[in-house]
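Heads up, the thing below is written out as structure tokens.
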Amino acid sequence: MSKKKKVFYVIGLSALLMVSALPLINIQTGTNEAEIIKPEAVMASSLYPLMDKDWAVNYHVKKKRIYIENIIPRFSFQGSHTKTPGNQDGYIAVFINNKWRMNANQSMFILNRMTPGKHKITLQLKKKDGSDYGLKKDIVVHIQ
């Protein structure tokens, strides 16, 4: 198995373990699952627009590569999954040192061939038509 596949396997396995541990947390705290998941709360939350606090970015620097994972609830990189009201779709425009590098059409991607030094990576959430959602994340990394 290649190193790249191993990294994505470990990231995926970690996410699966975190999701599978959620029911255990509810059992330990003694709360009723019916109290936690209320249909009214789910419907109301789907009507609100995406906000900066909804978007989490995890990254890992290894040699001249940067592995980036984006966690964006109610957002799809495939337009067919946005039939639920309040869900949006699109892509992430990636800028390195204020220069466009690529468009990411999936939540996890790798930036290859990074030059040594300090780099500012800007991730901008875009709609399918190229217009901006108004959300962006900045990451500063140091490549040795």
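Do we have Thr82 as surrounded by 10 or more Cβ atoms within 10 Å (Cβ to Cβ) and at pLDDT below 55 here? Criteria met by Thr82. The set of residues in the range 125-144 that are surrounded by 11 or more Cβ atoms within 10 Å (Cβ to Cβ), part of a strand (DSSP E or B), out of contact with any Leu (no Cβ under 7 Å at 6 or more places or on another chain) and not acidic (Asp, Glu) comprises Lys126, Gly134, Ile139, Val141, Ile143. State which residue is nearest to the chain's Cα centre (by Cα) when the search covers only the range 82-139 and only residues that are among the small types (Gly, Ala, Ser) and closer than 15 Å to Tyr67 by Cα. Step by step, filter the range 82-139, then rank; the result is Ser107.
The values are calculated or read from the model by the stated rules, or taken from the named source; none is laboratory data. Note that this is a predicted model, so its numbers are computed, not measured. As a convention, Cβ positions derive from the backbone with ideal geometry for all residues, glycine included, and neighbour counts pool all protein chains shown.
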